[in-house]
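The values are calculated or read from the model by the stated rules, or taken from the named source; none is laboratory data. Keep in mind that this is a model prediction, so the values were computed, not measured. Reconstructed Cβ throughout: ideal geometry from the backbone, glycine too, with neighbour counts over all protein chains shown. For accessibility, only protein heavy atoms count, side chains too; no ligands or nucleic acids. Shrake-Rupley method; radii C 1.70, N 1.55, O 1.52, S 1.80 Å.
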Amino acid sequence: MKKLKEYVFIKCKYVQLRWGLRPDFLPFFYAMKGYKKLKSDLWNPKYLTIVDLTKSNTQKRFFVLNMEKNRVEFAVQTWHGKKSWGEFATLFSNEIGSNQTSLWFYRTPLEIQKARTKDRSGLLLSGIESSNDNARKRGIFIHPAGIDQSEGCFTLPELDVPILNMIKGDSLLFAYYPDSTYLKKSDRKSTRLNSSHITR
């Protein structure tokens, strides 16, 4: 009964989600399940970002949701790691030097900062799961760039300034791919946020 109530609640939120382009229901569903558990620990729970890695890199698959107004603020393209494959990502890794994208929940830093060894600024992500907890060591950023292959970062070819300013300050980003092992564990797990990982 509890799972059914949770499903109905999330489905209603999805149906009421405003704006013309929105994420598919499954990535929204799993992002919301985690967000509900984690939002009380966040400094910026107003925004939730969902990246749907089942979609082509030619599609708008980076969604910024305003959780207070239940609407999509932005929907833009983003690239995945160059070793995650071509138009569609199929390979994922948390290993340093893999040049692959890592999955599931990240948190954003308090402020925008310059990327190490790169002439651009963005948000250095902290991975909060075993699938992405090397994100800071790997230098995984959300940063402006053309739609080109990244080393695992989430690049923004448009609207980077308003997006970065909106989701900085310790909000959640959920990188979705239908991994059956993870999704089975999602009901049982209780991911906790460590405030010492916030980039100050």
>> What number comes out for accessible area per residue over segment 68-138 if the probe is 1.4 Å? Units Å², please.
In response: 47 Å²
>> Quick check: at a probe of 1.4 Å, how many percent of the accessible area of segment 76-178 sits on carbon and sulfur atoms?
In response: 50 percent
> What is the distance in Å between the Cα centres of segment 121-167 and segment 1-71?
Replying inline: 19 Å
> At what distance in nm do the modelled label points of residue 121 and residue 87 sit from each other, each positioned 7 Å from its Cα along Cα→Cβ?
Replying inline: 3.7 nm
> By average Cβ neighbour count within 10 Å, what is the ranking of 39-45, 12-18, 100-106 from highest down?
Replying inline: 100-106, 39-45, 12-18
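Give the whole-number value, in cubic angstrom per residue, of the convex hull volume spanned by the C-alpha atoms of segment 1-83.
Details: hull volume 9.4 nm³, N = 83.
Once divided by residue count, the hull of segment 1-83 is 113 Å³.
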>> Per 0.36 nm of contour for each residue apart, how much would the distance between residue 5 and residue 67 grow if the chain were fully extended, relative to their Cα-Cα spacing?
In response: 20.4 nm
>> Over 23 Å between Cα atoms: which of 37/114; 69/168; 2/46 fall into that group?
In response: 37/114; 2/46
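So if I take the alpha carbon set of segment 60-100, get Rg, then get Rh from the Kirkwood formula, what is the Rg over Rh ratio? Don't jump to the answer; show the numbers that get you there.
Values: Rg = 13.9 Å, Rh = 12.0 Å.
Rounded to two decimals, Rg/Rh equals 1.16.
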> What is the spin-label model distance, in nm, from residue 54 to residue 130 if the labels are put 7 Å beyond Cα along the C-beta direction?
Replying inline: 2.4 nm
